[in-house]
1. Of the options C:Ala129, C:Ile95, C:Gly70, report the single residue whose Cα projects farthest towards the positive end of the charge dipole of the protein assembly as shown (beta-carbon charges: Lys, Arg +1; Asp, Glu -1).
2. Going by a 1.4 Å probe on protein heavy atoms, which residues of the range A:203-245 end up with at least 30 Å² less accessible surface in the whole assembly than in their chain alone?
3. Could you check how much of the accessible area of the range C:1-120 is carbon and sulfur, as a whole percent, using a 1.4 Å probe?
4. Report the A-B buried area as the accessible area lost on both sides summed, probe 1.4 Å, in Å² to the nearest 100.
5. What are the residues of the range B:64-79 that lose 20 Å² or more of accessible area, with a 1.4 Å probe, going from their chain alone to all protein chains?
6. Once you average over the residues of C:191-199, how many Cβ atoms of partner chains fall within 10 Å of each Cβ?
7. Which helices pass in chain B if a helix is a full DSSP H run, must span at least 20 angstrom along its long axis by Cα, and must have mean Kyte-Doolittle hydropathy not below 0.5?
8. For chain C, what does the relative contact order come out to in percent, with C-alpha contacts under 8 Å and a separation of six or more?
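The values are calculated or read from the model by the stated rules, or taken from the named source; none is laboratory data. As the structure is a computational prediction, the values presented were derived from the model and not from experiment. For neighbour counting, all protein chains shown are included, and Cβ atoms are generated from backbone atoms with ideal geometry for every residue, glycine included. Side chains are part of the model used for accessible areas, which takes the heavy atoms of the whole protein and leaves out ligands, DNA and RNA. Shrake-Rupley method; radii C 1.70, N 1.55, O 1.52, S 1.80 Å.
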Amino acid sequence: MTTPNTQPGATPPGGSALAAAMPAVPPVESPLRRFLSDFSASWLALLATLMLAVIILIALFAPWISPQDPYDLAVVSIFDARLPPGSTSMDGTTFWLGTDGAGRDLLSAIFYGLRISLSVGVMSGIIAIIVGMSVGLAAAYAGGRTETLIMRVVDLQLSLPAVLIALILLAILGKGVDKIIIALVIAQWAYYARTVRASALVERRREYVEAAACLGLGHARIVFRHILPNCVAPLIVVGTVQTAHAIALEATLSFLGVGLPLTEPSLGLLISNGFEYMLSGKYWIAVFPGVALLLTIVSINIVGDQLRDVLNPRLQK
Amino acid sequence: MSGEQPLLRLEGVSKRFTKHLDAAEKLVNLVGGRRREEVVHAVDDVSLDVREGEVVGLVGESGCGKSTLGRVVAGVHQPSDGKVIWRGKDVSGLTGAARRDALLKIQMIFQDPMSSLNPRMRVADIIGEAPRVHGLVPAADIPAYVDEMLQRVGLDPAYKTRYPHQFSGGQRQRIGIARALAVKPDFLVCDESIAALDVSIQAQVLNLFMDLRTDLGLTYLFISHDLGVVEHLSDRVVIMYLGRVVESAPTEALFGGPNHPYARALLDEVPRIDRRKRAFQPVKGEIPSPLSPPSGCHFHPRCPHATARCREEVPRLREIAPGWTSACHLNDERG
Amino acid sequence: MSQTSPVLQVEDLQTHFFTRAGVARAVDGVSFSLGRGEVMGLVGESGSGKTVTGFSLLGLVDPPGRIVGGSIRLGGEELIGRSERDWQALRGTRIAMIFQDPMMTLNPVLRIDTQMIEAIRAHAPVSEADARERARAALARVGIPSPDERLAAYPHQFSGGMRQRVAIAIALLNEPDVIVADEPTTALDVTIQAQILYEVRKLCAETGMAMIWITHDLAVVGGLADKVAVMYAGRIVEEGPVDAVLDGPLHPYTHGLVGSVPSQNQRGQKLTQIPGMAPSLLSLPPGCSFAPRCARADGACAVMPDLVGSGDGRAMRCHHPHLPPGEAAGGAIGETGRARA
Ligand SMILES: Nc1ncnc2c1ncn2[C@@H]1O[C@H](COP(=O)(O)OP(=O)(O)OP(=O)(O)O)[C@@H](O)[C@H]1O
Ligand SMILES: Nc1ncnc2c1ncn2[C@@H]1O[C@H](COP(=O)(O)OP(=O)(O)OP(=O)(O)O)[C@@H](O)[C@H]1O
Ligand code: SF4
Ligand code: SF4
Ligand SMILES: [Mg+2]
Ligand SMILES: [Mg+2]
């Protein structure tokens, strides 16, 4: 295999120029392999991932795995109200986690609640990522006054507590799934914008971006094909943690009675409903949904932390 | 000299960077602060001709504007003043396809073999993207074309599905060279392209540059702080100090006896393997900040021959021998 | 007496890193000795173990790394196996280090005088005024103009070259026997590098301090050092007086390195190049680590050659060395090559 530029006569003994460059790129672990082995180095993270997978599966398949449909009035009987965990109903079904004030099986209600909480969190997360990413990329690539202006808005937004922003918005917009998603997006896009801008600024200075400019590639191609893919790792990390925040925020808002309507009983709403029974000793109605919420948020956060540890220092190497 | 048209001509090219005040600093100024906009004259009125097939070495200390000049030549930066003339045409006057072609004809090879390759792209895409996007090669022929480029720089085409982090520094630098060659350039700007490599690998890459020159008839602007490398490779050497060209001469003449006091100091002080432990008195003083360069001749605070005139008047580049120019007032006195 | 006995004697030093991917023998049997006032250049490819060798000499190797064997004798005292407290007492007083990044030594929020006076008084009962005077003298010695004013400055008020000088001045404060300098001028400009090299040479000659100068630039070694040790994959493959090694390298790797420096070649000609690249420490070839890149390799090289000394202070680790010009094939150095061939 001779190429025009390898002149065998001119190269020193020991190999042609081709051989000179080639030997021994050692077989390397694929990036995915390495990512997986690094990620699973922590048993806590593995446990959290497992937990999260179970939670997501429950949320996805809630209608098929729940003991009863808690919102089917034909099934739910008010006579079963406030039964403690482990009780049996008149028609013989066991309520493993007890029942709530309306006689619904709490386990089923939690399954359905998870479904709503997770989908609101994930939906708002996805929209917020798209909005924040576009704004952050635009700021970083445009620079100058545009960037200053955008980043001032972001700073302003970040200086207000997310709950406050959401509360005000919901007070104006009213209740509803769409409304709370809008509120969550508005409360959170700024985090993504800041993250993307920070990494895009770093990436923009790298020589491969200059090389792309030299090669006459267009702005859009440089931004979306070259810069953006290199900003994804921090975005994933922030995304997981922010999704946990969104779920918690939605629960808070629903608990306060401004979030989801009663027809969309998320975990927050379940807790809120059970709260009034706490003092009368019927702890389970509020506590079990609370535990479900806690497990969800904690496992997402652990996974997010591990992602950060694994993704951040490495990938560039 | 000969009436032959240079491949590339720079006419009075300057590049300034302005650091604008941000809102906070403006606020400080309102209450009596004295923050000013800072202007760096990274490149200050540089004129330069490069003939076809020539290798021009560009040397100078850190921050003197070598990379900025290289980027202006490669079209990454627009000059603040002056003209870049490619094959007789002012590049800024070109539009559309003509402009793109001129841009592609000048390619850059970067210093950092890691950050100059997109870590998320496979080698095949890194090399094949530009020819595909610009339609230089029919889409169906791109894989074969990428293989050809890889072979040309001495890499096994079998590696083309890998990512940059799976290569050593020297191999990454070859990938960067293949990426540049893929758009069929006539002119390569090499900005410290071997500085980050191990000594034993530097020789491999330098040899590759020399092979490409003979095989493809490439013209080079070779930026480096390694005088040994520049001496080895270049036909002509240009020395910059704080944004200005202070001397430009055929390599042998320059290394035989530089004219400008700064060039002399530089050549004297570079440690060289064939010159050991001589008793010498290094040039005194620090490199001044490009934010507030000294008046007159930028070198006067460190120059052993400085006079009152040097503090006031900027010395012009004057031809002191055919093809040899230097910017120092001492040359006037010699007549 | 002390003229002849070395200040620092390192024998068979081994520092290994126990990583998830395997054991990296970053330093694997390094030996050398250093006399008073001597400057030794330590050169080698990136990853060959130069920095780890330097860190080992100061007891600075952190897990997963560990010194697993060998001996380091400073003025006759064995350092390996000492407690961390002993090391701390030694560091700065008997042996000091200068890093590529001077900010490794300097604290950005403290004034130079505060840092220097602290460094002196931590090791010796000196009055504040005396300590200040010593600090001033140290700054003057490394060529910092108007040291009195400079004492009151913060590190960020200095240029890169000045900072590196301050770091050197701090290393000098307690007049250590040995200074390990890890590529301290690599990031600096040539004129500034020249100033520092010039001053360091003068210092070593004047004070009798010994110095290990780590670099990958053979030209710097040529301009600065008395002797040179060339490392490859964790081992010293050649050492000897600078002029002898650079003018007549024996080991094929050194030979290639010296040959690939442009000024040694004819202008415009192709450079001698060493093919291939440095091996991963995790998968070293059996026998001579240089064999995959070596033009002289043969069957004998499947056995790791020993570091063999020749009378003139030179040593190398190769079965088939390049013989010095004029030396007969049966010379002392050719011995190993022939014996095993
Ligand atoms: N994008 C930029 N914005 C602001 N200032 C810049 C920019 N690029 C370069 N400069 C400034 O211009 C001057 C010249 O920089 P340049 O990178 O061209 O120097 P150089 O000669 O290549 O130095 P080195 O040898 O360190 O690479 C420096 O003072 C630098 O700070
Ligand atoms: N903390 C660490 N963990 C694992 N391996 C390490 C660690 N530090 C160093 N090593 C290994 O030790 C080897 C030698 O490293 P060292 O830093 O001494 O090289 P060097 O010769 O100083 O190179 P350079 O010229 O790049 O500074 C490297 O190949 C590296 O793999
Ligand atoms: S013009 Fe004056 S200061 Fe400048 S280099 Fe010449 S003699 Fe020195
Ligand atoms: S021992 Fe053999 S392989 Fe190693 S350097 Fe010597 S000749 Fe080359
Ligand atoms: Mg540069
Ligand atoms: Mg090192």
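1. The Cα lying farthest towards the positive end belongs to C:Ala129.
2. In the range A:203-245, residues shielded by partner chains: A:Glu207, A:Tyr208, A:Glu210, A:Ala211, A:Cys214, A:Leu215, A:Gly216, A:Leu217, A:Arg221, A:His226, A:Pro229, A:Asn230.
3. On the way: 2750 of 5340 Å².
On the range C:1-120, the fraction of accessible area on carbon and sulfur atoms equals 51 percent.
4. Details: alone 17350 and 17110 Å², together 30950 Å².
For A against B, buried area totals roughly 3500 Å².
5. Buried on complex formation: B:Arg71, B:Val76.
6. Details: counts 14, 8, 4, 10, 7, 1, 5, 5, 1.
Counting other chains' Cβ atoms within 10 Å and averaging over C:191-199 gives 6.
7. Details: long enough: B:199-216 (26 Å, 0.62).
Qualifying helices: B:199-216.
8. Values: 629 pairs, mean separation 64.9, N = 341.
About 19 percent, as a whole number.
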